[in-house]
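Data first, discussion second: the structure below is written as structure tokens.
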Amino acid sequence: MEEGFRAFLGENALSIDLINIAPLDDLHQPTGVIEEAQRLAADAFGADYSMFSVQGTSCAIMCMVLSVCGPGDKIIVPRNLHKSILSAIIFAGAKPVFIIPERDTKWGIDHGISVRSVKNALERHPDAKAVLVINPTYFGVCANLKAIVDLAHRYGTPVLVDEAHGALLHFHDKLPLSAMQCGADMAATSMHKLGGSLTQSSLLHVKKGIVPITKVQTVFSMLTTTSTSYILLASLDAARKQLALHGRELSDKTIRLAEYARNKINQIPGLASFGREIVWTDAAFDFDPTKLTIHVRKLGITGYEAENWLRDHANIEVELSDMYNILCLITPGDSTETVDCLLNALAELAEAKYKPKSELRAIEVTLPEIPQLALTPRDAFYSDTEMFPFAESAGRIISEAIYVYPPGIPILLPGEVIAAPHIRYILQHLEVGLPIKGPADSTVRNVKVVVATKAIC
Ligand SMILES: Cc1ncc(COP(=O)(O)O)c(C=O)c1O
């Protein structure tokens, strides 16, 4: 290994950068230390079985979907899905039954899905192999997951939860219920985001019952590298220990810091950050207060401009930005000092940008309607395609995904019919510099569309 890098990493890190030699067990069929560590994780998170992912929550999500869906199977999913769910749907050849999440035009974000919308989907598609729920959303909003699980189980349908943003939920009663507390069948939980493990490490939890654990293990092994990183595995075990022993007090401190921050932000002219008042329907049934969505529209700037300003002037990196908001996460790693640093920077930002209402630049973006799905994502992905000018592509079926990253939620996904409002919406994002990703042509001047007209799925 290169000398400088070796010195930088240190001997301790290198001494555990090993592979699956016999005494270290094997993630693919654990019978020793990994099995024990996974059992302890299951105990800590209230699961019957937990698996360590060294390929992020994306891999855990793909495992959930591929464990229950095969070619042609239906899966009920919210349309504000993460790209890993879309990838799994393409790999499986599944047919997504989209549920439209509740849209909040005041804040310009999507919330969770309502119990009624899940009921309607299950009534129309009782043969669906699973219901997938994102809990909480990136912005900390939770659907009534317990009611959704109870409902789906009455149909014998398993519930899979994308819990990427919910590693702490299980450890504090002031946080929304975790997937396992709600009785969900599987959950993919990003330990690396909030739970204190290293980037790329994550957990997949399973409850006994509808989904056979042996199937999940087989799929998990199929998706996982044979050269598993013990640095990542060890960091998962250590993070599990920390949460099991101190999760409540760490969460308590985090919630208090976040409430302090929210309160102060709401006193800064031109800024606003929602709290529990966001909870008023069963699609916004509960709220994780550690997420700070900061609305900057009343400063006459986009979230992206605020993100860049904070980077350039205060060396602060936000979690994500969109047209109207920045999202900041308060985590167990924060302290009054780090939070005050953010608050001071936000106060300076507001002062630098604040203008009387009459001089404000209006930032008006309308979230387009959910596009029509004309082909399954897999059929569109594997169709004959051609490159076509994006600005003129209304009416064509797209065969690639276009999303803003982060958060990685597709605005258009393979199989959907492009309409003028989507073109406008994506161009508006490009104009202000928001990171539009996905298309093979990264300038998005051209997009890949399906050549032949295919039957509607
Ligand atoms: C809602 C959601 N699901 C899944 C993921 C994927 O997680 P990972 O980056 O660990 O693969 C993310 C990542 O940000 C996410 O926001």
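The residue that is surrounded by the most Cβ atoms within 10 Å (Cβ to Cβ), counting only those in segment 240-298 that are of a type in the set (Phe, Trp, Tyr) and not in a loop (DSSP other than H, G, I, E, B), is PHE287.
Contact map, segment 402-431: first residue within 18 Å of THR443 (Cα to Cα), second residue at pLDDT below 90 and part of a helix (DSSP H, G or I), Cβ cut-off under 9 Å, separation 6 or more or different chains; pairs are VAL404/HIS429; ILE411/HIS429.
Put simply, of SER53, SER87, SER67 the only residue that is over 16 Å from GLU163 (Cα atoms), among the hydroxyl-bearing types (Ser, Thr, Tyr) and touching a residue at least 40 places away in the same chain (Cβ under 8 Å) is SER67.
Annotation note: of SER229, SER251, the sole residue that is small (Gly, Ala, Ser) and under 30 Å from PHE91 (Cβ atoms) is SER229.
Out of ILE278, ILE294, ILE265, one residue alone is within 23 Å of PRO407 (Cβ to Cβ), at pLDDT 95 or above and within 22 Å of the chain's Cα centre (by Cα). It is ILE294. Of ILE89, ILE85, ILE113, all but one fail to be at pLDDT 95 or above, surrounded by 20 or more Cβ atoms within 10 Å (Cβ to Cβ), β-branched (Val, Ile, Thr) and within 12 Å of the chain's Cα centre (by Cα); the exception is ILE85.
In summary, ILE316 fulfils each of the numbered conditions (1) among the β-branched types (Val, Ile, Thr); (2) under 28 Å from LEU427 (Cα atoms); (3) touching a Phe, Trp or Tyr at 6+ places or on another chain (Cβ under 9 Å) with the single exception of condition (3).
Conditions tested, residue by residue: (1) in a loop (DSSP other than H, G, I, E, B); (2) within 16 Å of the ligand (Cβ to nearest atom); (3) crowded, with 18+ Cβ neighbours inside 10 Å.
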position: PRO176; (1), (2), (3): yes, yes, yes
position: ALA188; (1), (2), (3): no, yes, yes
position: SER197; (1), (2), (3): yes, yes, yes
position: LYS208; (1), (2), (3): yes, no, no
position: PHE220; (1), (2), (3): no, yes, yes
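Quickly run through segment 345-377 and pick out the residues that are assigned to a helix (DSSP H, G or I) and surrounded by fewer than 13 Cβ atoms within 10 Å (Cβ to Cβ). Within segment 345-377, GLU351, ALA352, LYS357, SER358, GLU359 meet the criteria. Applying a threshold of 7 Å to beta carbon distances and a minimum spacing of six or more residues, or different chains, the list of pairs starting in segment 273-298 at a residue that is free of Cβ contacts under 8 Å to residues at least 60 places away in the same chain and ending at one that is of a type in the set (Ser, Thr, Tyr) and part of a strand (DSSP E or B) reads SER273/THR293; LEU292/SER273; ILE294/SER273. In the set GLU369, GLU307, GLU359, only one residue is touching a strand residue (DSSP E or B) at 6+ places or on another chain (Cβ under 6 Å), over 25 Å from ARG256 (Cβ atoms) and of a type in the set (D, E, K, R); that residue is GLU307. Of all residues being assigned to a loop (DSSP other than H, G, I, E, B) and not hydrophobic (A, V, I, L, M, F, W, C) in segment 159-174, which is nearest to the ligand (Cβ to nearest atom)? Just the residue, please. Of everything passing the filter in segment 159-174, HIS165 is nearest to the ligand (Cβ to nearest atom). With the structure loaded, tell me whether SER227 is among the hydroxyl-bearing types (Ser, Thr, Tyr), within 14 Å of the ligand (Cβ to nearest atom) and more than 22 Å from LEU145 (Cβ to Cβ) or whether it fails that test. When the stated conditions are applied, SER227 does not pass them. In summary, strands (runs of 3 or more DSSP E) completely within segment 378-457 and bearing 3 or more residues that are under 17 Å from PRO368 (Cα atoms) occur at 402-404, 409-412.
Checked against (1) touching a strand residue (DSSP E or B) at 6+ places or on another chain (Cβ under 6 Å); (2) under 12 Å from GLN217 (Cβ atoms), THR57 passes all but condition (2).
Residue count for segment 38-59 under the criterion of being in contact with a His (Cβ under 9 Å, 6 or more places away or on another chain), of a type in the set (Gly, Ala, Ser) and surrounded by 24 or more Cβ atoms within 10 Å (Cβ to Cβ): the result is 3. When LEU233, LEU203 are checked against the criterion of being in contact with a strand residue (DSSP E or B) (Cβ under 6 Å, 6 or more places away or on another chain), part of a strand (DSSP E or B) and of a type outside the set (D, E, K, R), a single residue qualifies: LEU203. Scan segment 397-421 for residues that are buried (at least 23 other Cβ atoms within 10 Å of the Cβ) and either charged (D, E, K, R) or on the phi > 0 side of the Ramachandran plot (or both) and the total you get is 2.
The values are calculated or read from the model by the stated rules, or taken from the named source; none is laboratory data. In this text, all values refer to a predicted model and were calculated from it rather than measured experimentally. Cβ sites come from the backbone with ideal geometry, for glycine too, and all protein chains shown count toward neighbours.
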